[in-house]
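Presented below is the structure to which this report refers.
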Amino acid sequence: MISIESVQGLAELDHFLSTLPEEVQRSMLSGSLRDAAKPVMNQAMLNVLTLFGGKPRSSGVLFSHITRSKYKRTGYASRVDVTLNRPRGAASKQSQIINGVRKPYGQDPFYGRFLEFGTSKMRAYPWLRPAAIAKQSEANRAMNRALQKRMLLWCKRNGVRYTVGQ
């Protein structure tokens with residue numbers, strides 16, 4: 001039976017995680033990263049509403065497709081991105097009229113990258129990068145809380161004594 005009295009810093013946390021099986025490490029880290037991405041995603045949605053929501057040509061397509069996504073095949077333990085959920089299939093590419101605005105590509109928010117970075121004919125209207133910068137410390141705190149919560153839960157299920165350090 002493992003007995004860890006307190007985890008206070010990154011070295012102790014790393015040591016504790018290294019004692020766990022790899023699949024447990026990955027699931028703890030992946031879930032914590034998803035929790036950490038939530039404040040950034042919410043701020044990105046707020047930025048889109050603030051920048052484009054009041055415009056008469058706004059249809060809400062960009063806002064409604066902002067999501068968190070998890071990459072399964074990566075060299076890292078886990079990776080979670082705030083990104084656009086792009087619809088698949090030919091039906092998503094058909095022209096539609098949304099809120100009185102003709103959208104030649106329907107519900108596809110592909111244009112989000114052009115708004116973020118600009119083009120040769122249009123200046124940039126960043127909405128994602130400012131969200132990541134503004135919510136960086138909140139995301140760090142959310143990840144720390146989520147990881148400690150998952151660690152405590154695993155320890156409780158497996159009979160490991162663990163207390164969180166100050």
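Going by the structure shown, is Thr163 of a type outside the set (Lys, Arg) and modelled with pLDDT of 85 or more? No. Figure legend. Inter-residue proximity from region 140-154: first residues of a type in the set (A, V, I, L, M, F, W, C), second residues surrounded by fewer than 14 Cβ atoms within 10 Å (Cβ to Cβ) and outside any helix (DSSP H, G or I), beta-carbon distance below 9 Å, spacing 6+ or different chains. Indicated pairs: Met151/Val164; Leu152/Thr163; Leu152/Val164. Within region 36-46, is even one residue among the hydrophobic types (A, V, I, L, M, F, W, C), modelled with pLDDT under 85 and out of contact with any Leu (no Cβ under 6 Å at 6 or more places or on another chain)? Among the residues of region 36-46, not one is among the hydrophobic types (A, V, I, L, M, F, W, C), modelled with pLDDT under 85 and out of contact with any Leu (no Cβ under 6 Å at 6 or more places or on another chain), which makes the answer no.
The values are calculated or read from the model by the stated rules, or taken from the named source; none is laboratory data. Remember, it's a predicted structure, so these values are computed and weren't measured experimentally. FYI the Cβ positions are ideal-geometry reconstructions off the backbone, even for glycines, and counts take in every protein chain you see.
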